[in-house]
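The values are calculated or read from the model by the stated rules, or taken from the named source; none is laboratory data. Just so we're clear, the structure is a prediction, and the values are computed from it rather than from any experiment. Cβ coordinates were reconstructed from backbone atoms using ideal geometry, including for glycine residues, and neighbour counts include every protein chain displayed. When the accessible area is computed, the model is the full protein with side chains, heavy atoms only, and any ligands, DNA or RNA have been set aside. Shrake-Rupley method; radii C 1.70, N 1.55, O 1.52, S 1.80 Å.
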Amino acid sequence: MNISRQEYPRPQFVRDSWENLNGTWEFEMDLADSGAARGMEKAEAAFSKQINVPFCPESELSGIGNKDFMAAVWYRRIIRIPAEKLSGRVLLHFGAVDYECTVYVNGEKAGTHRGGYSSFCFDITEHVKAGENLLTVQARDDVRGARQPGGKQSDQYGSYGCMYTRTTGIWQTVWLEYTSRCYLENVHTIADAASAFITVIAVPCPSHRR
């Protein structure tokens, strides 16, 4: 499989145990945004195309190159989880998905995120099993609905002025991360220039917060 952007996507918080999920995924455009009603998250759903993640479907590098409006798009691929990794937590990270993202693992909803410019993560431990697992991602993008930030994405078919072709769906790296049952979710740093000290506050995973 040809994998683009193979570098670790979060250099300020690196873990050794991770897997890059960029590369070839199954893909389907959902112009009427009816895929959820039609059961596109199910294993028997038909996908007619392939896409090169993390390039958006408007991009030629994605292998799709569709410049028209897409109310929703769907992605699907198999992920393989080693049995020994299930002794800890399995985290699914997205660098960014535009705009509203819903993730299904083995047909079950694992999480939803809104916001096309921010990274996010779902703990999918309870949804996966050792061996093959079906990962399905729905991305909804209503650029002309005035209910989401649009930036400089064109509300017309073509680019004009400083408005350019839209970005729909996955457009940053997707990766799996394997941790122990208790792990650091993040760290906060507080700088005190006067005393030349930096305070580092560790943020534990949700299950170990008090």
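For the stretch 152-168 and the stretch 1-42, what is the separation of their Cα centres, given in Å?
24 Å
Describe numerically, in nm with one decimal, the distance between label points set 7 Å from Cα along Cα→Cβ at Ser159 and at Arg15.
If labels sit at Ser159 and Arg15, their model points lie 3.8 nm apart.
In vacuo Debye scattering of the chain, one point per C-alpha: log10 I(q)/I(0) at q = 0.12, 0.19 Å⁻¹?
With one equal scatterer per Cα and no solvent, log10 I(q)/I(0) is -0.68, -1.40.
May I ask you to list the trypsin sites (Lys or Arg not before Pro) in the stretch 105-185 that are in a DSSP loop and have at most 11 other Cβ atoms within 10 Å of their Cβ?
Working: sites: Lys109, Arg114, Lys129, Arg140, Arg144, Arg147, Lys152, Arg166, Arg181; in loops: Lys129, Arg147, Lys152, Arg166, Arg181.
Listed in order of number, the matching sites are Lys129, Arg147, Lys152, Arg181.
Looking at the stretch 115-210, which chymotrypsin sites (Phe, Trp or Tyr not before Pro) are DSSP coil and have at most 14 other C-beta atoms within 10 Å of their C-beta?
Loop-located and lightly packed - Tyr117, Tyr157.
Share of the stretch 6-85's accessible area from carbon and sulfur, percent, 1.4 Å?
50 percent
How many Å² of accessible area per residue for the stretch 51-208, probe 1.4 Å?
48 Å²
With a 1.4 Å probe and all protein chains left in place, how much of the accessible area of the stretch 104-146 comes from carbon and sulfur atoms, in whole percent?
44 percent
Express the relative contact order of the chain as a whole percentage, based on alpha carbon pairs under 8 Å and six or more residues apart in sequence.
23 percent
What size of dipole, in debye to the nearest 20, comes out for the stretch 52-210 about its Cα centre when the only charges are +1 on Lys and Arg C-beta atoms and -1 on Asp and Glu C-beta atoms? Provide the component values of the computation, followed by the final result.
Numbers: 17 positive and 16 negative charges, 56 e Å.
The calculation lands at about 260 debye.
Among Asp16, Asp98, Asp68, which one shows the highest mean-square fluctuation when the chain is modelled as a Gaussian network with alpha-carbon springs under 10 Å?
Judging by the Gaussian network model, the answer is Asp16.
Before anything else, pin down the relative contact order of the stretch 86-183: Cα pairs under 8 Å, at least 6 apart, normalised by residue count, whole percent.
It rounds to 40 percent for the stretch 86-183.
Using DSSP loop states and a limit of at most 13 other Cβ atoms within 10 Å to flag GluC sites (Glu not before Pro), what is the longest stretch of the chain containing no flagged site?
The reported range is 45-210.
Summing -39500 (n - 2.57) over the DSSP H runs of n ≥ 4 in the chain and dividing by its residue number, what mean residue ellipticity at 222 nm do you reach, to the nearest 500 deg cm²/dmol?
Numbers: 1 runs with 4 residues, N = 210.
Estimated from H runs of four or more residues: -500 deg cm²/dmol.
Students often get this wrong, so check it: of Lys49/Lys109; Lys42/Lys85; Lys67/Lys109; Lys42/Lys152, which have C-alpha atoms separated by over 27 Å?
The answer is Lys67/Lys109; Lys42/Lys152.
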